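The structure under discussion appears below in the form of structure tokens.
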Amino acid sequence: MTSDTITAAASGHWTLGDLTVHRIGFGTMRLPQYGEALIPDAIPRDREQAVRVLRRAVELGVNHIDTAAFYFSPRLSANELINHALSPYPDDLVIVTKVGPGRDASGNWLPHATPQQLRGQVEENLRQLGRDHLDVVNLRIVGTDSIAERFGALADLRDAGLIRHLGLSNIRPHHLAEAQAVSPVACVQNMHGIGASPEQDQLLRTCGEQGVAFVPFYSIAGAGRTAGATTGDSSTLHAIARAHGVSAAQIRLAWTLHQGPHVLAIPGTGDLDHLTQNVAAGTLRLSESELTALDALARPSHPAGLSPA
């Protein structure tokens, strides 16, 4: 089997609430622009190329797409690209979006939404995606403050039929229990990858114990975060990649998936070849010695954690 015939089904599956998804999904943050994401002067990507990538992802069996209304460049919006490329949507496609942050028309960040403003953000996602409900909505936060009121506002919108399932993004460990006291949590989306902080490792394990999907972001970029993957991968990681005949990025994804059956990967790209490689990473099986070597890699000098968005 060649890499261009491998589908996302090879990665296995997990559930988001009552929705079954393959463990390799697709993140759209980088789809509207080149270079560093989520900055006002980002260079827009070619629209037709972005559309081809989205359609190819679905052809390769991807049925979990992560997006947000604040993923846009001066000319392109991730949500509207999804709508154009994939609507009418396949029955098994699960689109996960997030609310909390916002950007003005120039792309500058706004203060995070209040509980009262969250409905407007949910409705904006509905309009852009052309949906009458959202499959999963993550409340994305910054800081350690209570999230109960904001999560409760989203639970009200779920009860009103606008949202099917709720999740969390960019949280601290104590936020999970706080949210669960309000409403069930389908997933937690936090920064995690080779070199993750002990706090993130513990949160990943807690989610596994509770059957909650854990969805890492920056699992390939690592310390590069929004700027993308760096070339600073260790000789250990490169040696393992050579042994498997794959890229270092694919080993990072494989390591991510080995962290537990409840871990879902959402690598993003605007490149068709990289998309194919990301999906193919779902078939990689790392040995115990390889996993031990990767686990032992030095942690980054800064704590894994919370990005502005």
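For segment 108-124, the tally of residues that are surrounded by fewer than 20 Cβ atoms within 10 Å (Cβ to Cβ), touching a residue at least 40 places away in the same chain (Cβ under 8 Å) and of a type in the set (A, V, I, L, M, F, W, C) stands at 1.
Filtering segment 129-166 to residues that are within 13 Å of Lys98 (Cα to Cα) and among the polar types (S, T, N, Q) leaves only Asn138.
Take the residues in segment 166-193 that are polar (S, T, N, Q) and not in a loop (DSSP other than H, G, I, E, B); name whichever of them is surrounded by the fewest Cβ atoms within 10 Å (Cβ to Cβ). Applying the filter and picking the extreme gives Gln180. For segment 116-168, a residue qualifies if it is under 28 Å from Pro90 (Cβ atoms) and at pLDDT below 95, but none of them does. Scan Leu31, Leu38, Leu54 and give me the residue that is among the aliphatic types (A, V, I, L, M), under 21 Å from Val136 (Cβ atoms) and not in a loop (DSSP other than H, G, I, E, B). Testing whether each residue is among the aliphatic types (A, V, I, L, M), under 21 Å from Val136 (Cβ atoms) and not in a loop (DSSP other than H, G, I, E, B) leaves just Leu54. Take the residues in segment 69-94 that are part of a loop (DSSP other than H, G, I, E, B) and touching a residue at least 60 places away in the same chain (Cβ under 8 Å); name whichever of them is surrounded by the most Cβ atoms within 10 Å (Cβ to Cβ). It comes out as Phe70.
Among the numbered conditions (1) part of a strand (DSSP E or B); (2) of a type outside the set (Asp, Glu); (3) exposed (fewer than 15 other Cβ atoms within 10 Å of the Cβ), the only one that Ala105 does not meet is (1).
Reported count of residues in segment 126-165, each being among the hydrophobic types (A, V, I, L, M, F, W, C), surrounded by fewer than 18 Cβ atoms within 10 Å (Cβ to Cβ) and not in a helix (DSSP H, G or I), is 2.
Of all residues in segment 253-273, those that are part of a helix (DSSP H, G or I) and either more than 15 Å from the chain's Cα centre (by Cα) or free of Cβ contacts under 8 Å to residues at least 24 places away in the same chain (or both) total 4.
Does Val246 satisfy being assigned to a loop (DSSP other than H, G, I, E, B), at pLDDT 95 or above and either among the polar types (S, T, N, Q) or farther than 29 Å from Ala280 by Cβ (or both)? Spelling it out, it is not the case that Val246 is assigned to a loop (DSSP other than H, G, I, E, B), at pLDDT 95 or above and either among the polar types (S, T, N, Q) or farther than 29 Å from Ala280 by Cβ (or both). Looking at Leu81, Leu16, Leu93, just one residue is under 18 Å from Thr269 (Cα atoms) and under 19 Å from the mean Cα position of the chain (by Cα), and that residue is Leu81.
The values are calculated or read from the model by the stated rules, or taken from the named source; none is laboratory data. Everything quoted here is computed from the prediction, not taken from an experiment. With ideal geometry, Cβ positions are generated from the backbone for all residues, glycine too; neighbour counts draw on all protein chains shown.
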